[in-house]
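Only one structure is covered here, and it is reproduced in the block below.
The values are calculated or read from the model by the stated rules, or taken from the named source; none is laboratory data. What you see is a predicted model; the values in this text were computed from it and never measured. Positions of Cβ are generated from backbone atoms using ideal geometry, with glycine treated the same way; all protein chains shown enter the neighbour counts.
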Amino acid sequence: MIALAAALLLQASAPADVKTLDVWITDSKGLAVRGLVPEEAAVVENGVARNVTHLEEDRRPLRVAVVVDSSGPMASFYRLHLVDPIVHLLNQLPEGSRFAVWTTGDRPQKIADWSDDVAAASRALKRTAPQGGNTVLDAIVEASADLKQKEGERSVVVVVSGVGIGFTNWERRQVVEKARPGGATFMVVQFEETGEPTQAAGEQVTRLDYDYVFDNLTRQTGGVREISMSAMGVPRALESVAQALKATYRLSYTTVPDLKERKVEVKVARPGVKVRTGPIRP
């Protein structure tokens with residue numbers, strides 16, 4: 001007890017440091033919560049209450065890389081259950097957003113370059129013919145590198161993928177390591193469609209590879225991982241992603257420097273809300 005009291009006293013007397021993190025706040029129906037003020041939020045770090053100094057909705061320009069599974073097994077429902085929901089998502093992005101769209105059939109391909117032209121992206125998606133194996137892991141690496149987040153912007157990678165036969169040039173840990181440095185938040189819609197086996201070049205992707213990459217990228221960046229039993233659940237799942245993109249806040253709090261580990265929990269004084277937190281920044 002004496003050692004604990006001494007540690008707390010030393011921590012309290014240390015010079016204040018300010019940390020910032022992204023926070024996504026949605027209500028019990030999955031809708032974005034708007035208009036929060038600092039007095040409604042509380043931060044607990046390593047079991048110690050911290051003082052919230054700043055909380056505001058994140059209005060920085062948004063760049064979104066969309067990666068969609070266009071492999072051969074998607075042929076029977078690609079246009080019916082994937083294309084229209086993705087177009088609907090693009091139409092819901094905050095004003096001023098820019099996006100690019102990648103497909104994954106046979107090889108990663110950027111079919112719509114950076115712009116705010118939803119109609120052009122829709123045409124490109126509808127022209128795409130599903131084929132080959134799913135190269136979504138390679139597409140994640142390429143889309144993340146292409147994102148090129150700039151100062152004063154926020155960036156997101158949205159992945160829509162089944163878990164059928166796939167191929168990659170990277171080991172699953174390498175995919176996570178190469179995708180993370182770009183600073184993007186990952187939002188994944190994963191559905192349980194597998195389809196018929198398709199031949200393609202490269203190392204075969206297993207279900208463990210999909211789960212490892214999707215789970216680590218969303219968890220480490222504070223993102224969303226929506227899992228559906230079939231492609232029919234994609235529209236609802238993408239609506240959750242759209243709401244999350246509207247629910248982003250930037251929160252700052254005072255702490256002490258030089259902590260080896262920071263476990264942060266953010267609580268909001270509104271009933272039924274769900275809070276997700278991103279990585280802590282200086």
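Taking the numbered list (1) within 17 Å of T103 (Cα to Cα); (2) surrounded by fewer than 19 Cβ atoms within 10 Å (Cβ to Cβ); (3) under 15 Å from the mean Cα position of the chain (by Cα) in turn, G183 passes all entries but (1). In this structure, A49 does not qualify as farther than 25 Å from A143 by Cβ, buried (at least 20 other Cβ atoms within 10 Å of the Cβ) and touching a strand residue (DSSP E or B) at 6+ places or on another chain (Cβ under 8 Å).
Go through the residues of segment 57-80 one by one and say whether even a single one is out of contact with any helix residue (DSSP H, G or I) (no Cβ under 7 Å at 6 or more places or on another chain), of a type in the set (D, E) and not in a strand (DSSP E or B). For segment 57-80, residues out of contact with any helix residue (DSSP H, G or I) (no Cβ under 7 Å at 6 or more places or on another chain), of a type in the set (D, E) and not in a strand (DSSP E or B): present.
If we keep just the residues of segment 157-183 that are among the β-branched types (V, I, T) and not in a loop (DSSP other than H, G, I, E, B), which is nearest to D138 (Cα to Cα)? Explain how you work it out, then say what you get.
To start, the set of residues in segment 157-183 that are among the β-branched types (V, I, T) comprises 157-160, 163, 165, 168, 175-176.
If we keep only those that are not in a loop (DSSP other than H, G, I, E, B) too, we end up with 157-160, 168, 175-176.
Working: V157: 13, V158: 14, V159: 12, V160: 14, T168: 6, V175: 7, V176: 11 Å.
Within segment 157-183, the match that is nearest to D138 (Cα to Cα) is T168.
Determine whether S240 is hydroxyl-bearing (S, T, Y) and loosely packed, with under 14 Cβ neighbours inside 10 Å. No, not satisfied. Selection of segment 18-40 for residues being within 10 Å of L251 (Cβ to Cβ) and either touching a Ser or Thr at 6+ places or on another chain (Cβ under 8 Å) or modelled with pLDDT of 95 or more (or both) yields K19, T20, L21, D22, V23, P38.
Once segment 243-277 is narrowed to residues that are crowded, with 20+ Cβ neighbours inside 10 Å, under 14 Å from the mean Cα position of the chain (by Cα) and not hydroxyl-bearing (S, T, Y), the residue that is nearest to A65 (Cα to Cα) is L245.
Of all the criteria given as (1) under 17 Å from the mean Cα position of the chain (by Cα); (2) crowded, with 23+ Cβ neighbours inside 10 Å, the one not satisfied by G105 is (1). Scanning segment 226-246 for residues that are over 21 Å from I165 (Cβ atoms), touching a helix residue (DSSP H, G or I) at 6+ places or on another chain (Cβ under 7 Å) and free of Cβ contacts under 8 Å to residues at least 60 places away in the same chain yields a single hit, E226.
Taking the criterion of being over 22 Å from the mean Cα position of the chain (by Cα) and over 30 Å from G132 (Cα atoms), the residues of segment 44-80 that qualify are V44, E45, N46, G47, V48, A49, R50, N51, V52, T53, H54. Taken over segment 115-149, the criterion of being in a strand (DSSP E or B) and surrounded by fewer than 15 Cβ atoms within 10 Å (Cβ to Cβ) is satisfied by S115 alone.
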